[in-house]
Each structure stands twice: as C-alpha cells, then as structure tokens.
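**Q** Starting off with a structure, shown below.
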Amino acid sequence: MDTTLRVKRRHKVWPEALKREIVAACAVPGASVSMVARQYDVNANQVFTWRKLYTIARVAEMLGEDEDWLGDVANEMDQEDGLIWAHGSGDEGVMAFTDFGIGTLRALIEINKENPDLLTRSTDPP
C-alpha cells in the first residue's frame, strides 16, 4: 500500500495588469527588483521572468512618451545599448528593449529633451 502523501501545489496566477505594475515599479530609477518584489510579496525570480523584453509601444506607454518620437530617439542605439529587433513570421521587425536598453533610452530621452535640435526625425528631409 502506498503511504506517501501527495500534495497538489497550485501556482499563484498574477493578473496581467498587476504584472505590468510590478515591472513598471522596477523600471523606476533607483528601484531594485528584490525591493519591489518584497513590496508585492512575489519572488524576485518571477519578476525577472516578467521583465525580459519590451516592445517600443510598451516602452512608450511605460515612459509616457510618443511612440514615433521614441523610435527616432532609439535609432541612435545599437545592440550593445539594449536595442533588439524582434522578428515574427513576417519580414517586418519590431523594435524592442531589454531592461538595460530602457535605461539607455531614458538617458537619451533626457539628452534629446534638453537639446531638441540634436534629434533627426525620420520624417525630416535629408
């Protein structure tokens, strides 16, 4: 006779809106993932899995910036700056950022807001 006790463990299901809130809290300058995770009573490793990669549209929403303007700012970035082009089944890629890339982008936003003439818009004539 089998006398082992089997306990079925359930995973906590986190609502998407709450995940986004937690990830956004981690993107605040000076915030650490472990501190934010403790505030929300979630494992820090779980938060790391939620914040892997962000599309330009998501980053624009997070930072409260115009997506087209942000794309022009991000055109100054390279892969080592945290910019990644994500490709699906079609030929067109989507600009995306790592956490490091969002930090780089924040610095470029500040520079370009202080000096608006530095930025060449994709709609500007050559």
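The values are calculated or read from the model by the stated rules, or taken from the named source; none is laboratory data. Model, not experiment: these values are computed from the prediction. Glycine gets a Cβ as well: all are built from the backbone with ideal geometry, and neighbour counts include every protein chain shown.
**Q** Please go through segment 36-64 and pick out each residue that is surrounded by fewer than 17 Cβ atoms within 10 Å (Cβ to Cβ), in contact with a helix residue (DSSP H, G or I) (Cβ under 7 Å, 6 or more places away or on another chain) and in a loop (DSSP other than H, G, I, E, B).
**A** ASN43
**Q** Now for a different question. Going through GLU61, GLU110 one at a time, which residue ends up being of a type outside the set (A, V, I, L, M), within 21 Å of GLU21 (Cβ to Cβ) and at pLDDT 90 or above?
**A** Exactly one residue qualifies, and that residue is GLU61.
**Q** Quick check on this structure: which one of ASP81, ASP72, ASP66, ASP117 is in contact with a Lys or Arg (Cβ under 6 Å, 6 or more places away or on another chain) and not β-branched (Val, Ile, Thr)?
**A** When all the criteria are applied, what remains is ASP72.
**Q** Also: Out of LEU18, LEU70, I need the residue that is farther than 30 Å from LEU119 by Cα, in a helix (DSSP H, G or I), at pLDDT 80 or above and not polar (S, T, N, Q). Which one? Break it down stepwise before answering.
**A** Details: LEU70 fails: farther than 30 Å from LEU119 by Cα.
Criteria check complete, one pass: LEU18.
**Q** Another question, if that's okay. Please list, ordered by first then second residue, the pairs with beta carbon atoms under 7 Å, 6 or more apart or interchain, first in segment 48-68 and in contact (Cβ under 8 Å) with a residue 40 or more places away in the chain, second of a type in the set (Asp, Glu) and part of a helix (DSSP H, G or I).
**A** ARG51/ASP99; ILE56/GLU67
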